[in-house]
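Data block below; observations after.
The values are calculated or read from the model by the stated rules, or taken from the named source; none is laboratory data. Here the structure is a predicted model, which is why all the values come from computation and not from measurement. Methodologically, a virtual Cβ is constructed for each residue, glycine included, from the backbone with ideal geometry; neighbour enumeration extends over all protein chains shown.
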Amino acid sequence: MRLTLTSSNKHQKLTTMGLGIKSARLILQFLLLIFASQECKGRTCRSASENFKGFCFVDQNCRIVCSQEGFTDGRCEGIWRRCVCEKPCESSSSPPSSLYLYYDD
């Protein structure tokens, strides 16, 4: 009987180690997938749309208005559902405009 318990404990330890290794491998693969899908990007400039009227509920409508304003993307954000436009920041030595919010990706 003692031999059976020892064998059972060894099997249980091996199974637990196997789950730990499998979990660690799964987490590592997930992290690699996330980091591999990230692109190297420059800074992103964001500004509230000047032409969008009313509350913003549909991102596609916001994108259309933003593209007419010279931006590359737009989405509805915030409690007040404002249309916020985005584009890559222009590289210049001048100080940043107060109209834009800069984000490093």
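Table for the structure above
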item: Any strands (runs of 3 or more DSSP E) falling wholly within the chain and containing at least 2 residues that are of a type in the set (S, T, N, Q) and modelled with pLDDT of 70 or more; result: 43-48
item: GLY70 vs. criteria in contact (Cβ under 8 Å) with a residue 12 or more places away in the chain and surrounded by 12 or more Cβ atoms within 10 Å (Cβ to Cβ); result: no
